[in-house]
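Participant: Here it is, the structure, as C-alpha coordinates.
The values are calculated or read from the model by the stated rules, or taken from the named source; none is laboratory data. Every value quoted in this text rests on a predicted model; they were computed, and no experiment measured them. Methodologically, a virtual Cβ is constructed for each residue, glycine included, from the backbone with ideal geometry; neighbour enumeration extends over all protein chains shown. In case anyone asks, the SASA skips ligands and DNA or RNA and just uses the protein heavy atoms, side chains included. Shrake-Rupley method; radii C 1.70, N 1.55, O 1.52, S 1.80 Å.
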Amino acid sequence: MIFTNIERGFYQRILLLGMFLLSIVFLCGTVTADTHDADNSVITFHLTDLGDDDILRVSLMKEGESSKNGMVRQEQNIEFIRDRNEIRWNPCNDNECMIFSSKTAGGKTGRDQLILTITFSNPKVDVTSCSGDPTCERLKGGTYTKSGMLDGILYTGKTYAVSASSLKAGVGEAFEMQEMPA
(Lines give C-alpha, C1' and ligand atoms only; values in the text may rest on other atoms or scores of the structure.)
Protein backbone atom coordinates (compact mmCIF):
# COMPACT_ATOMS: atom_id res chain seq x y z
CA MET A 1 0.00 0.00 0.00
CA ILE A 2 2.78 2.46 0.94
CA PHE A 3 4.80 1.51 -2.16
CA THR A 4 1.78 2.22 -4.38
CA ASN A 5 1.29 5.72 -2.90
CA ILE A 6 5.00 6.53 -3.37
CA GLU A 7 4.85 5.26 -6.93
CA ARG A 8 1.68 7.30 -7.66
CA GLY A 9 3.28 10.48 -6.22
CA PHE A 10 6.39 9.92 -8.33
CA TYR A 11 4.36 9.58 -11.53
CA GLN A 12 2.27 12.64 -10.67
CA ARG A 13 5.42 14.72 -10.18
CA ILE A 14 6.85 13.54 -13.52
CA LEU A 15 3.54 14.33 -15.22
CA LEU A 16 3.45 17.85 -13.69
CA LEU A 17 7.08 18.45 -14.61
CA GLY A 18 6.42 17.32 -18.21
CA MET A 19 3.38 19.61 -18.50
CA PHE A 20 5.43 22.52 -17.11
CA LEU A 21 8.26 21.95 -19.61
CA LEU A 22 5.81 21.65 -22.52
CA SER A 23 4.13 24.92 -21.57
CA ILE A 24 7.54 26.68 -21.45
CA VAL A 25 8.45 25.30 -24.89
CA PHE A 26 5.05 26.36 -26.26
CA LEU A 27 5.36 29.90 -24.85
CA CYS A 28 8.91 30.36 -26.14
CA GLY A 29 7.91 29.11 -29.58
CA THR A 30 4.98 31.54 -29.70
CA VAL A 31 7.11 34.52 -28.67
CA THR A 32 9.79 33.82 -31.27
CA ALA A 33 7.19 33.36 -34.00
CA ASP A 34 5.58 36.72 -33.17
CA THR A 35 8.84 38.65 -32.98
CA HIS A 36 10.10 37.12 -36.22
CA ASP A 37 6.99 38.28 -38.10
CA ALA A 38 7.26 41.91 -36.92
CA ASP A 39 10.34 43.43 -38.54
CA ASN A 40 11.21 46.92 -37.29
CA SER A 41 13.45 47.67 -40.28
CA VAL A 42 10.73 47.14 -42.91
CA ILE A 43 7.90 49.37 -44.13
CA THR A 44 4.88 47.35 -45.24
CA PHE A 45 2.27 48.62 -47.71
CA HIS A 46 -1.00 46.68 -47.73
CA LEU A 47 -2.82 47.22 -51.05
CA THR A 48 -6.60 47.62 -50.69
CA ASP A 49 -9.55 48.37 -53.01
CA LEU A 50 -8.11 46.37 -55.91
CA GLY A 51 -11.37 45.33 -57.55
CA ASP A 52 -11.60 42.10 -59.57
CA ASP A 53 -8.44 42.59 -61.61
CA ASP A 54 -5.24 40.67 -60.89
CA ILE A 55 -1.93 42.33 -60.05
CA LEU A 56 0.78 41.41 -62.56
CA ARG A 57 3.64 43.38 -60.97
CA VAL A 58 4.43 46.26 -58.64
CA SER A 59 7.38 48.61 -58.45
CA LEU A 60 8.48 51.35 -56.08
CA MET A 61 10.67 54.22 -57.28
CA LYS A 62 12.38 56.87 -55.22
CA GLU A 63 12.64 60.18 -57.05
CA GLY A 64 14.72 63.00 -55.63
CA GLU A 65 17.98 64.91 -55.93
CA SER A 66 17.99 66.88 -59.16
CA SER A 67 20.68 66.35 -61.74
CA LYS A 68 21.39 68.45 -64.83
CA ASN A 69 19.01 66.14 -66.72
CA GLY A 70 16.16 66.45 -64.22
CA MET A 71 15.00 64.33 -61.30
CA VAL A 72 16.92 61.16 -60.48
CA ARG A 73 14.81 57.99 -60.12
CA GLN A 74 15.96 54.87 -58.35
CA GLU A 75 14.12 51.54 -58.50
CA GLN A 76 13.73 50.24 -54.94
CA ASN A 77 14.27 46.62 -53.95
CA ILE A 78 10.90 45.39 -52.66
CA GLU A 79 9.25 42.09 -51.87
CA PHE A 80 5.67 41.60 -53.11
CA ILE A 81 3.66 39.03 -51.14
CA ARG A 82 0.93 38.23 -53.66
CA ASP A 83 -1.46 36.23 -51.45
CA ARG A 84 -1.63 39.08 -48.89
CA ASN A 85 -1.33 41.97 -51.40
CA GLU A 86 1.57 43.36 -49.37
CA ILE A 87 4.71 45.15 -50.41
CA ARG A 88 7.64 44.92 -47.98
CA TRP A 89 10.41 47.50 -48.34
CA ASN A 90 13.63 47.74 -46.35
CA PRO A 91 14.78 51.34 -47.00
CA CYS A 92 17.49 51.74 -44.36
CA ASN A 93 19.75 48.66 -44.55
CA ASP A 94 18.12 46.78 -41.65
CA ASN A 95 18.03 49.87 -39.39
CA GLU A 96 15.04 51.77 -38.06
CA CYS A 97 14.41 55.08 -39.82
CA MET A 98 11.87 57.55 -41.16
CA ILE A 99 11.21 58.29 -44.86
CA PHE A 100 9.73 61.62 -45.94
CA SER A 101 7.86 61.49 -49.26
CA SER A 102 6.64 64.85 -50.53
CA LYS A 103 5.48 66.64 -53.69
CA THR A 104 8.25 69.19 -53.07
CA ALA A 105 11.01 66.65 -53.70
CA GLY A 106 14.33 67.34 -55.33
CA GLY A 107 16.85 70.12 -55.25
CA LYS A 108 18.63 70.64 -51.97
CA THR A 109 15.57 69.98 -49.79
CA GLY A 110 16.64 66.41 -48.99
CA ARG A 111 13.10 65.28 -49.75
CA ASP A 112 12.18 62.40 -52.02
CA GLN A 113 9.02 61.22 -53.71
CA LEU A 114 8.02 57.58 -53.54
CA ILE A 115 6.24 56.53 -56.73
CA LEU A 116 4.22 53.30 -56.54
CA THR A 117 3.32 51.62 -59.85
CA ILE A 118 0.83 48.75 -59.97
CA THR A 119 0.28 46.87 -63.25
CA PHE A 120 -3.05 45.05 -63.44
CA SER A 121 -4.38 42.32 -65.70
CA ASN A 122 -8.03 42.54 -66.69
CA PRO A 123 -9.28 38.93 -67.00
CA LYS A 124 -12.53 40.08 -68.69
CA VAL A 125 -10.69 41.16 -71.86
CA ASP A 126 -9.72 38.54 -74.43
CA VAL A 127 -6.13 39.17 -75.55
CA THR A 128 -5.45 35.75 -77.10
CA SER A 129 -4.75 37.39 -80.48
CA CYS A 130 -1.94 39.49 -78.91
CA SER A 131 0.45 36.53 -78.44
CA GLY A 132 2.06 38.07 -75.33
CA ASP A 133 2.68 41.49 -76.95
CA PRO A 134 2.42 44.01 -74.05
CA THR A 135 1.57 46.93 -76.37
CA CYS A 136 -1.28 44.98 -77.93
CA GLU A 137 -2.52 43.91 -74.48
CA ARG A 138 -2.52 47.54 -73.30
CA LEU A 139 -4.33 48.76 -76.41
CA LYS A 140 -7.04 46.12 -76.04
CA GLY A 141 -7.44 46.90 -72.32
CA GLY A 142 -6.02 43.59 -71.12
CA THR A 143 -3.44 45.33 -68.92
CA TYR A 144 -3.32 48.78 -67.38
CA THR A 145 -1.13 50.63 -64.91
CA LYS A 146 -1.82 52.86 -61.92
CA SER A 147 1.10 55.01 -60.87
CA GLY A 148 1.08 57.62 -58.14
CA MET A 149 2.93 59.08 -55.21
CA LEU A 150 2.90 57.85 -51.62
CA ASP A 151 2.60 61.15 -49.75
CA GLY A 152 3.57 61.40 -46.09
CA ILE A 153 6.07 60.50 -43.41
CA LEU A 154 6.70 56.75 -43.28
CA TYR A 155 8.28 54.86 -40.38
CA THR A 156 9.95 51.48 -40.42
CA GLY A 157 8.12 48.84 -38.41
CA LYS A 158 4.73 50.25 -39.50
CA THR A 159 2.12 48.99 -41.96
CA TYR A 160 0.26 51.39 -44.24
CA ALA A 161 -2.98 50.67 -46.12
CA VAL A 162 -2.78 52.00 -49.69
CA SER A 163 -6.07 52.30 -51.58
CA ALA A 164 -5.48 51.44 -55.25
CA SER A 165 -8.85 52.83 -56.34
CA SER A 166 -8.20 56.20 -54.66
CA LEU A 167 -5.77 57.36 -57.35
CA LYS A 168 -7.18 60.17 -59.46
CA ALA A 169 -6.16 60.60 -63.09
CA GLY A 170 -3.41 63.15 -63.66
CA VAL A 171 0.25 63.84 -63.16
CA GLY A 172 1.50 64.15 -59.59
CA GLU A 173 -1.53 62.52 -57.97
CA ALA A 174 -1.12 60.48 -54.79
CA PHE A 175 -2.66 57.28 -53.47
CA GLU A 176 -4.70 57.60 -50.28
CA MET A 177 -2.71 56.02 -47.49
CA GLN A 178 -3.21 55.54 -43.78
CA GLU A 179 -1.31 53.80 -41.01
CA MET A 180 -2.82 50.52 -39.89
CA PRO A 181 -3.01 49.75 -36.16
CA ALA A 182 -0.41 47.32 -34.88
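Participant: Would you pull out the residues with amide H under 5 Å of D151's amide H, same chain only if 5 or more places away, H placed 1.01 Å from N?
Facilitator: F175
Participant: Say R0 is 41 Å: what FRET efficiency, to the nearest 0.05, do K124 and M19 get from their beta-carbon distance?
Facilitator: 0.10
Participant: Right, another one. Sort 124-134, 86-96 for me by packing, meaning the mean count of neighbouring Cβ atoms within 10 Å per residue, highest on top.
Facilitator: Packing proxy ranking, top to bottom: 86-96, 124-134.
Participant: Scan around D54 for amide H atoms under 5 Å from its own, H built in the peptide plane at 1.01 Å from N, and keep only partners 5 or more places away or cross-chain.
Facilitator: Result for D54 returns S121.
Participant: Shifting gears a bit: What percentage of the solvent-accessible surface of region 43-179, computed with a 1.4 Å probe over protein heavy atoms, is contributed by carbon and sulfur atoms?
Facilitator: 44
Participant: A further question on this structure: Relative contact order for region 43-179 using alpha-carbon pairs under 8 Å, separation at least 6, rounded to a whole percent?
Facilitator: Relative contact order of region 43-179: 30 percent.
Participant: Name the residues whose placed amide hydrogens come within less than 5 Å of the amide hydrogen of L167, ignoring near sequence neighbours (fewer than 5 apart) on the same chain.
Facilitator: E176
Participant: Under a point spin-label approximation (7 Å from Cα along Cα-to-Cβ), what is the T135-E86 distance to one decimal in nm?
Facilitator: 4.0
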